[in-house]
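Pasting a structure here, questions to come.
Read-outs throughout are calculated quantities, based only on the coordinates presented, and are distinct from any laboratory measurement. In this text, all values refer to a predicted model and were calculated from it rather than measured experimentally. Here the Cβ positions follow ideal geometry from the backbone for every residue, glycine too, while neighbour counts run over all protein chains shown.
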Amino acid sequence: MTTAVAPASTLSATDRCDRCGAQAYLKVELASGFELLFCAHHAREHETKLREVAVNVVDETAKLSS
């Protein structure tokens with residue numbers, strides 16, 4: 001039997017920051033099943049707390065420096 005693993009979801013230009021509406025580069029998945037999206041600015045501002053409550057983090061802020 002072969003089991004496929006779904007790839008980690010990537011963020012697109014339509015994903016928007018929950019704080020300000022800018023393009024999201026960080027997705028935080030919570031234990032409750034909810035997701036939060038943040039632009040790079042707000043991701044840096046709230047990084048410590050987000051990492052404490054996150055079950056999974058998709059961080060695509062590196063896309064900004066390429």
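Based on other C-beta atoms within 10 Å, arrange VAL53, VAL58 from fewest to most.
VAL53, VAL58
Further question: In which sequence would LYS27, LYS49 go, from the one with the fewest C-beta neighbours within 10 Å to the one with the most?
In order of increasing Cβ crowding within 10 Å: LYS49, LYS27.
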